[in-house]
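Student: If you scroll down you'll find the structure; I have some questions about it.
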Amino acid sequence: MMKFLRSAQAKKLGSWLALVVTVTVMTGPPGNPTQPTLGFTSSFSERVSFFGLFPAPRGVLFLALALLVAGAVLAYSRVAKAPVQRARAAVVPKYQALAGKRTFRLSWYAVVLLGAVLLPHLVTDPFWQSAMVSQIAIYILLAIGLNVVVGFAGLLDLGFVAFYAIGAYVTAWVTGALPVAAPFHHHLNPFWAIPIAIVVVMIAGVLLGVPTLRLRGDYLAIVTLGFGEIVTIFMNNLYGITGGSTGSNQIPHFSIHLGSLKYLWGLNPVPYYYLTLGFVVLFLIIFSSLEHSRIGRSWVAIREDEVAAESLGVNPLKYKVMAFAIGAASAGFAGVMTAGQSFFINPATFTLSFSINILVLVIFGGMGSIIGVVIGSVVIQTLSMYLIHTPPAGFQNSDLYIYLGALLIAMMIFRPAGLWPSKRRRREFTDAGVEGTASIAGGQ
Amino acid sequence: MINYFSSHFATLGHEFWGLLVGGVANGFIYALVAIGYTMVYGVLRLINFAHSEIFMSGGFASFFLMKWLIGSSTPNAFESVIYLLAGVIVGGLAGSAIATVLERVAYRPLRRRNAPKLAYLISAIGASYFLFNFAAKEFGRINLSMASPFVNHTVFTIMGAPVQMSYIIIAVVSVIMLVSLDRLVATTKLGRSIRAVAQDPETASLMGVNIDRTIVMTFVLGGFLGGAAGYLYGLSFGVVYTMGFTPALKAFTAAVLGGIGNLRGAVIGGLLLGIVESFSVAFVNGAYIDVVAFAVLVLVLLFRPTGILGERLGRAA
C-alpha cells in the first residue's frame, strides 16, 4: 500500500483528483460568510445539466470528463501519435515555406481584416456589437501595448492600468468633463485628446521608468503594482480634480467637423468598432515594424542578457524606458477610446484586476508574439463575454477572475511560451534547462 | 511653509507616544509577514507574490475558529488565553498549508524545468489572483469582524498614551514567534539546511541537504508566521478577501528596507516602517497613508537597494 502511495502513478492520480475537486468547487455555486462550507458542499451535491446533457452532480460530471480526457490522451499516445507526427513532419515544412512568403502572409492578413470589417454585419446582437468594441477591440490595443513591455523587453509591469486610466482622465480633462478647469477655453472633442493623451502617458511612462527601470525584474513588478494602486488612490481622493469616486459622466462622443464633412459618433457601437479597428491596425503595423527594427532587436538583447547587451553598446535604461513609454502610448490611446465611447469613467474601472486581465491576454497568446497576443485577446475576451452573456449554472461574473488566475498558473506550467509563441520565446523557454547549473533551487 | 511644518510637528509632539504605540503594533504585523518574503527570497531568490494570500487564509481560518469557539459567549480569563493560542496556531497552520500547496502547484513544476524568473512571477501572481477571488466566492465580499477572545481595554498608559490589550497581545505573540524562529534558523538542523540552501543550493545538495524538503519547510515556516499575522490583524481590523494586499505590500517594503534575505533585517524594517507610517499621520491626509509606504519602498530601492542591514543570504539569522 505504502509503496503504491509513493509511486509516480499514485501522484499523478492524486493530482488529477485534486484538479477535479478544484474545478468542481471553482465552477460551483458561491458560499456566504454565515455558511462558509455551503459553496463546497453544494458544488458536489447540486445536480447540474452540462450543456443540456445528462443531469448529474457537478463533481461526478467533471470526474467523467477527466476520465474521458485521460482516455483520449492515452488512446492518442497508443494509437494515433505516430501517424499524426508523421503527418506533421510532412506538412509543417511545406507550411513554413509557404508562410515565409510575403504574399501568402499578406493575403492571410487581408482575409482576416475583411472578416473583421464584415463582422458587425454578421453579428447583430447588440450585446456582442457593444462587446466587440469595449471588451475585445480595446483589450487588443491594451494587450499589444503590454506585449511591448512584457513580451519584447521582458519587464513585468503590473501597473499597466495606470496608463489606461491616465489616458481616460486626460480625455475627460480636455473635453471639459472634470471638475478641474479644462486646459483650453474651447472644449475639445475626444479626437483632439488622442495626441494629448498619448504625449501625457508617454511622459508618465518616462517619469515612472527612469527611476524604477534600473531595478531588477521582481522589484520592478512590485513597484509598478504600487504605482497602479497609487494612481487609483489619487483618482479616488482628489475630489476637486478628478471628481473622486464618482468620476465623470459627461465626456462628449467623438465627432468630426471638417468644413462640410460632419459626423457624430453616437450610442451605436458599430461606428466605434470601425474607428477602433482602424487604430488597432495602425498600432499593429507600428508595433510589428518596431519588433524587427534596431529598437526591437535591442529589447530582445536586453531581455536575454543585459550585461552582454550593455557591453555591445546597447544602453539598457534608454531602451527599457522606451519600451515603457511606447507600451504606455497604446494604453493611453485605449483610455481615450474607452472614455469617448462610454462617456463615463470612474476609478472603480481601473483596478489591479484590470492589469492582470491584460497580462493574462498577453501570456495566453504568447509573450512577444503580436499575432499570438491578438489571438489570445480575441479568444479569452470572447469566452469571458460568452460566459457573462449566457452564464452556466452556478456562474457569477466575478468567477472569471478565478479562472484567469488558474489559467496563468496552468500556462506557466504547461505552455509558458503561449498559445502562438514567437519563435525567439519558444527557443528561450525550451533551452532554459541547458544553461546554468547554479539554478537547482530555481534561482537566477 | 514653516507654519505648516511647525503646526504639524506640534501635532506630532502631542500625540507622539500614542502614534508610537500604534506604529509598533503595526510594525510587528509587518515584521511577521516580512519574514515570509525574506525567507523565501533567501532560498529561491524570488519574491513570493502570493504571500498576501497566505496572510488572508490565516485570517479566514482563525475567523471561523473564533466564531465556532466563542460565538456570542464571553470567555473567562483561562479560555481567553487558550482561544488566543488556538487562533494563532490555526491561523499559522492554515498559512503553512496554503504555502505548501502554493510551492507544490505554482513553483515546483517551474523549478523542475529551470524556468526563467519571469515565469515564477507570473505563476505566483496567478496563484494570488486565484486564491483571493476564490475566497471572495466562498466567503463573501464584506468585511467580517472577528469575535475577540479578550476585551480590548486599556491596560496601562505610557506618558498619557493608552496601551490597549490588543497591542500587548500583538507584541507578545510576535516577539515569541520571532525569537523562536531566529533560534530555529540559527541552531537546528533544519535551520542549518535552510541557510545552506540560501548560500549555495548546488553545494548544499552535494552535502546531502534535501533541497525540495528544505524549500517546502521554508514555505511552511514563513507561512506559519504570515498566517498567524493574519489572525492578529483580523482581530483588530476584521477579515475580507482583499485584506492581504496592502499589508503584504508594506511587509515587502519592510523586508527590502531591512535588507531582503535577512531575518533580523525584516524585523527591524517592519518596526521602522510601522513607526514611520504612524508618524506620517501627523503630516499626510489619512487617505494617502498607503502612499507613504510606497514612497519609502521606492526611495529604499533607489538609494539603498540592499536595505539597512544589507542582504545577508544564508548567514545565521
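The values are calculated or read from the model by the stated rules, or taken from the named source; none is laboratory data. Every value quoted in this text rests on a predicted model; they were computed, and no experiment measured them. For neighbour counting, all protein chains shown are included, and Cβ atoms are generated from backbone atoms with ideal geometry for every residue, glycine included.
Student: Hey, does region B:183-195 have a residue that's in contact (Cβ under 8 Å) with a residue 60 or more places away in the chain, buried (at least 17 other Cβ atoms within 10 Å of the Cβ) and more than 22 Å from residue B:271 (Cα to Cα)?
Tutor: First, the residues of region B:183-195 that are in contact (Cβ under 8 Å) with a residue 60 or more places away in the chain: B:185-186, B:194-195.
Now drop any that are not buried (at least 17 other Cβ atoms within 10 Å of the Cβ), which leaves B:185, B:194-195.
Among the residues that remain, those that are also more than 22 Å from residue B:271 (Cα to Cα) are: B:194-195.
Looking through region B:183-195, at least one residue is in contact (Cβ under 8 Å) with a residue 60 or more places away in the chain, buried (at least 17 other Cβ atoms within 10 Å of the Cβ) and more than 22 Å from residue B:271 (Cα to Cα).
Student: I would also like to ask the following. For region A:148-160, state whether one or more residues are away from chain B (no Cβ under 13 Å), assigned to a helix (DSSP H, G or I), at pLDDT 90 or above and over 28 Å from residue A:251 (Cα atoms).
Tutor: Looking for residues that are away from chain B (no Cβ under 13 Å), assigned to a helix (DSSP H, G or I), at pLDDT 90 or above and over 28 Å from residue A:251 (Cα atoms), one finds at least one in region A:148-160, hence yes.
Student: Under 29 Å from residue B:41 (Cα atoms), touching a residue at least 60 places away in the same chain (Cβ under 8 Å) and within 8 Å of chain B (Cβ to nearest Cβ), is that true of residue A:205? Can you show your working first?
Tutor: Values: under 29 Å from residue B:41 (Cα atoms): yes; touching a residue at least 60 places away in the same chain (Cβ under 8 Å): yes; within 8 Å of chain B (Cβ to nearest Cβ): no.
No, not satisfied.
Student: Consider residue A:142 carefully, then state whether it is within 13 Å of another protein chain (Cβ to nearest Cβ) and under 30 Å from residue A:376 (Cβ atoms).
Tutor: No; evaluated as a whole, the condition is false for this residue.
Student: Now a separate question. Report, by residue number, each residue of region A:179-202 that is at pLDDT below 80 and either within 14 Å of chain B (Cβ to nearest Cβ) or assigned to a helix (DSSP H, G or I) (or both).
Tutor: Across region A:179-202, there are no qualifying residues.
Student: Based on what the data block shows, is residue A:337 within 28 Å of residue A:266 (Cβ to Cβ), away from chain B (no Cβ under 14 Å) and of a type outside the set (Asp, Glu)?
Tutor: yes
Student: Taking region A:408-425, which residues are closer than 23 Å to residue A:354 by Cβ and more than 7 Å from chain B (Cβ to nearest Cβ)?
Tutor: A:410, A:411, A:418, A:419
Student: Next question, about the same structure. Collect the residues in region A:208-224 that are more than 7 Å from every other protein chain (Cβ to nearest Cβ) and under 15 Å from residue B:46 (Cβ atoms), keeping them in residue-number order.
Tutor: Correct list: A:216, A:220.
Student: Is one or more of the residues making up region A:389-398 part of a loop (DSSP other than H, G, I, E, B), away from chain B (no Cβ under 14 Å) and β-branched (Val, Ile, Thr)?
Tutor: Yes: region A:389-398 contains one or more residues that are part of a loop (DSSP other than H, G, I, E, B), away from chain B (no Cβ under 14 Å) and β-branched (Val, Ile, Thr).
Student: Just a yes or no: is a residue in region A:263-270 more than 16 Å from residue A:138 (Cβ to Cβ) and at pLDDT 90 or above?
Tutor: So far as region A:263-270 goes, no, none of its residues is more than 16 Å from residue A:138 (Cβ to Cβ) and at pLDDT 90 or above.
Student: Related question: Taking the stated definitions as given, is residue A:81 assigned to a helix (DSSP H, G or I) and either more than 12 Å from chain B (Cβ to nearest Cβ) or in contact with a strand residue (DSSP E or B) (Cβ under 8 Å, 6 or more places away or on another chain) (or both)? It would help to see each step written out before you state the result.
Tutor: Details: assigned to a helix (DSSP H, G or I): yes; either more than 12 Å from chain B (Cβ to nearest Cβ) or in contact with a strand residue (DSSP E or B) (Cβ under 8 Å, 6 or more places away or on another chain) (or both): yes.
Yes: the conditions hold for residue A:81.
Student: A follow-up question, please. Given region B:158-275, what helices (runs of 4 or more DSSP H) lie entirely inside it while holding 3 or more residues that are closer than 30 Å to residue A:402 by Cα?
Tutor: Once the helices (runs of 4 or more DSSP H) in region B:158-275 are filtered for at least 3 residues that are closer than 30 Å to residue A:402 by Cα, what remains is B:211-237, B:245-258.
Student: Looking only at region A:253-264, count every residue that is outside any loop (DSSP other than H, G, I, E, B) and surrounded by 13 or more Cβ atoms within 10 Å (Cβ to Cβ) and tell me the total.
Tutor: Kept after step one, since they are outside any loop (DSSP other than H, G, I, E, B), are these residues of region A:253-264: A:255-258, A:261-264.
The next check asks that each one be surrounded by 13 or more Cβ atoms within 10 Å (Cβ to Cβ); those that pass are A:255.
Within region A:253-264, residues that are outside any loop (DSSP other than H, G, I, E, B) and surrounded by 13 or more Cβ atoms within 10 Å (Cβ to Cβ) number 1.
Student: Of all residues in region A:149-207, which are among the aromatic types (Phe, Trp, Tyr), within 17 Å of residue A:341 (Cβ to Cβ) and surrounded by fewer than 19 Cβ atoms within 10 Å (Cβ to Cβ)?
Tutor: A:191, A:192
Residue-wise test of (1) in a helix (DSSP H, G or I); (2) of a type in the set (A, V, I, L, M).
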position: A:251; (1), (2): no, yes
position: A:274; (1), (2): yes, no
position: A:288; (1), (2): yes, no
position: A:296; (1), (2): yes, no
position: A:321; (1), (2): yes, yes
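Student: Still on this model: Is there any pair linking a residue in region A:120-143 that is buried (at least 17 other Cβ atoms within 10 Å of the Cβ) to one that is among the small types (Gly, Ala, Ser) and at pLDDT 90 or above, with Cβ under 6 Å and at least six apart or on different chains, and which?
Tutor: From residues that are buried (at least 17 other Cβ atoms within 10 Å of the Cβ), the pairs are A:138/A:334; A:139/A:377; A:140/A:377; A:141/A:330; A:141/A:334; A:142/A:331; A:142/A:334; A:143/A:377.
Student: Could you run through region B:57-99 and say how many residues are β-branched (Val, Ile, Thr) and modelled with pLDDT of 95 or more?
Tutor: Here the count works out to 4.
Residue-by-condition table, conditions (1) assigned by TED's automatic domain parsing to the domain that holds residue A:57; (2) closer than 30 Å to residue A:192 by Cα; (3) among the basic types (Lys, Arg):
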residue: A:312; (1), (2), (3): no, no, no
residue: A:322; (1), (2), (3): no, yes, no
residue: A:331; (1), (2), (3): no, yes, no
residue: A:350; (1), (2), (3): no, yes, no
residue: A:367; (1), (2), (3): no, no, no
residue: A:385; (1), (2), (3): no, no, no
residue: A:402; (1), (2), (3): no, no, no
residue: A:415; (1), (2), (3): no, no, yes
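Student: (1) crowded, with 21+ Cβ neighbours inside 10 Å; (2) under 18 Å from residue A:159 (Cβ atoms): which one isn't true of residue A:409, the others all being true?
Tutor: Status for residue A:409: all satisfied but (2).
Student: Of these, A:172, A:182, which one is free of Cβ contacts under 8 Å to residues at least 40 places away in the same chain and assigned by TED's automatic domain parsing to the domain that holds residue A:320? Walk me through how you get there before you give the answer.
Tutor: On the way: A:172 fails: free of Cβ contacts under 8 Å to residues at least 40 places away in the same chain.
After applying the criteria, what remains is A:182.
Student: Looking at B:273, B:257, B:263 in this structure, which one is touching a residue at least 12 places away in the same chain (Cβ under 8 Å), crowded, with 17+ Cβ neighbours inside 10 Å, within 14 Å of chain A (Cβ to nearest Cβ) and under 13 Å from the mean Cα position of the chain (by Cα)?
Tutor: Every option except B:273 fails the conditions.
Student: Tally time: how many residues in region A:219-243 are without any contact (Cβ under 8 Å) to a residue 40 or more places away in the chain and over 17 Å from residue A:161 (Cβ atoms)?
Tutor: 3
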